Amino acid sequence: TTPTTVIITMDQLWLITVPNNKQQPAATFKTIKNSVSDCPLFHFEMPNLVVGTLDTLMSLSDELSKVNGQVENVVRKVERQYMDIRGVTGTPSTDGNGLRVNENPVESYLRKFQWDFARYQYQGKQLNELVGQIQSMAAKIDDELKMMTTTYTDKTVAMSALQRKKTIVVATSDFEDFLSPETVAKLDILDTEHLLTVMVAVPKSLEDDFLAEYTNIGSTIAVFGGPDWEKSSNSLGTNDGKFGPALSKKRASVKGSPVVPKSAKKVAEHGDGVLFALTILRGHYEAGTYVEDTFVPGNFVDYLSPLKTAFREKKFVLREFSYQPSRSGSVGGLDVQIEAASNELKQVRNSTLRWCKANFGEVYSAWIHLKVIRAFVESVLRYGLPVDYTAFFLQPNLSSKRGGEGEIKKVLTNTIEALHPELRLKKSLLATADEEAEEDSTDNLPYVCHKFPVIGASTSG
């Protein structure tokens, strides 16, 4: 029978370094690989970076943890932007157009990782220079991503706004979007000192109620009291003391709605709404008066604002009317705008996807190289000189019979201690110094081990 091949999803990798102690790197790697045969291992050559001084290494070791987080954050941002725009839901790309690193899927790049000597030349360069190079590149990509994201968001918002305009709501849509110039020309639009034409959006279900009561809405807003000059005009124009504030109470004694009776005219219907045109009184003037020898001008009392409130209480929306024929958005005109906005959005979307694919590879490669630098620094601090280490990625098989990460680390520790008994003392010292370390911690291991998530694997083709 053919043995069953178990496929392990590459969700996490461990970057591990082990001293050779004059052994051939191939022999060291083979021994470790045989001890964890159910966990794939991927060997790569550790570059002979510039060591520098002990103080520099100690300082850099602390700094690298922070820089690693910053660069990882940029990697995740680029991946998330790509997935959001492309509509990826965590499943591998089937068209071969997913995120790649050096033209390879993420998993393949990690399995075959080699130091990029052309991009990250280290001869004559201090380690902090290499780290600074990676930091600068990641920051530049982060800034560009922010601009790309803003542009894409703006285009998306503009497209959504046009699509909403196509769905006509008589209470909120611009009049130009659903009223043609011909329809408006048939209306008797008034905008005088005393009269004003307004529009009222009415739910279809309340149309009959509106027609029955619209002339009584706001019945306490307009004032109609005052002297009846038709009955007695003898004192008209004389200084009888019955003017200005003296007549305020009498004028307010008779009130009514500012809506002109029989002025309602149906203008349009869309969806669940009906639009009516109404004529209303604008307001009234309160006469001025003299205070001692100084004349105090009167005030204009506006009816529009309180009338809006009164209509709203009846579930009607009173709207001021403003119309520009040049902006008239017939369905055809709006469709043209939507098509143009759609094409712009598509162009920005495609350029953003291309940018993400190009820059994801750049920043991802930088992130992995940064991890190798970090492993190199900690290897020198832990194992000392000369630089003679075997480095590899381990893909943990957490579904194996070994019993999870703890068992894998235990097997690795025993194997590496058998190769290098001197590491047992280091392990003992580390454990004593960190007795309360978390179970998941790798700080108390006698060898260098950094665990990290495999970002971008779900979007690789």
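The values are calculated or read from the model by the stated rules, or taken from the named source; none is laboratory data. Being a predicted model, the structure only gives us computed values, none of them experimental. Positions of Cβ are generated from backbone atoms using ideal geometry, with glycine treated the same way; all protein chains shown enter the neighbour counts. Surface areas here come from the heavy atoms of the whole protein model, side chains and all, with no ligands, DNA or RNA. Shrake-Rupley method; radii C 1.70, N 1.55, O 1.52, S 1.80 Å.
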For this session: Evaluate E = 1/(1 + (r/R0)^6) for Ser59 and Ile189, where r is the Cβ-Cβ distance and R0 equals 56 Å; express this FRET efficiency to the nearest 0.05.
Result: 0.15
For this session: Can you sort Tyr303, Tyr152 by 1.4 Å-probe accessible area, starting with the largest?
Result: Tyr152, Tyr303
Exercise. Around Gln12, which amide H atoms from residues at least 5 apart in sequence, or from another chain, sit under 5 Å from its own amide H, with H modelled in the peptide plane?
Worked result: Val454
Seminar exercise, completed: Simple SL model, points at 7 angstrom along Cα→Cβ for Lys30 and Ser108; separation in nm is 2.9
For this session: Grab the Cα-Cα distance for Ala212 and Ala158, subtract it from 0.36 nm times how many residues apart they are, and report the gain in nm with one decimal.
Result: 15.4 nm
Problem set entry | Dipole magnitude (debye, nearest 20) for the stretch 248-290, charges at Cβ of Lys, Arg, Asp, Glu | 360
Problem set entry | Full-stretch length increase - Gln12, Asp272 - with 0.36 nm per residue and alpha-carbon distance subtracted | 88.1 nm
For this session: Could you please put Ser37, Ser305, Ser173 in sequence from largest to smallest accessible area, using a 1.4 Å probe?
Result: Ser37, Ser305, Ser173
Exercise. With r defined as the distance between the Cβ atoms of Val296 and Asp84 and R0 fixed at 56 Å, what FRET efficiency is calculated, to the nearest 0.05?
Worked result: 0.35
Exercise. Tell me which lysines have Cα within less than 21 Å of Lys250's Cα, excluding those fewer than 8 residues away on the same chain?
Worked result: Lys231, Lys242
Problem set entry | Listed residue (Ile189, Phe117, Leu162) projecting farthest to the positive dipole end of the stretch 117-193, Cβ model | Phe117
Exercise. Given the Cα atoms of the stretch 7-84, and with Rh set as the inverse mean 1/r over their pairs in the Kirkwood sense, what is Rg to Rh to two decimals?
Worked result: 1.06
For this session: Report, ordered by chain and residue number, the lysines lying within cross-link reach of Lys146, taken as a straight Cα distance under 17 Å and ignoring same-chain residues fewer than 8 apart.
Result: Lys77, Lys155, Lys357
Problem set entry | Using θ = phi - 60° and Karplus 6.51 cos²θ - 1.76 cosθ + 1.60, couplings along the stretch 55-66 (whole Hz; Gly, Pro as x) | 4, 5, 5, 4, 5, 5, 4, 5, 5, 4, 4, 5
For this session: Give the cross-link partners of Lys125 among the lysines, using a straight C-alpha distance below 20 Å as the criterion and excluding same-chain residues fewer than 8 apart.
Result: Lys371
Seminar exercise, completed: For the Arg354, Val260 Cβ pair and Förster radius 51 Å, calculated FRET efficiency rounded to 0.05 is 0.25
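Going through the cross-link list Lys166/Lys262; Lys265/Lys315; Lys165/Lys265; Lys166/Lys265, which pairs have a Cα-Cα distance over 29 Å in this structure? Can you show the working numbers first?
Working: Lys166/Lys262 32 Å; Lys265/Lys315 18 Å; Lys165/Lys265 24 Å; Lys166/Lys265 24 Å.
Flagged as over cut-off: Lys166/Lys262.
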For this session: Work out, step by step, the length gained on full extension between Gln121 and Asn21: first 0.36 nm times the residue separation, then minus their alpha carbon distance; give nm to one decimal.
Result: 33.3 nm
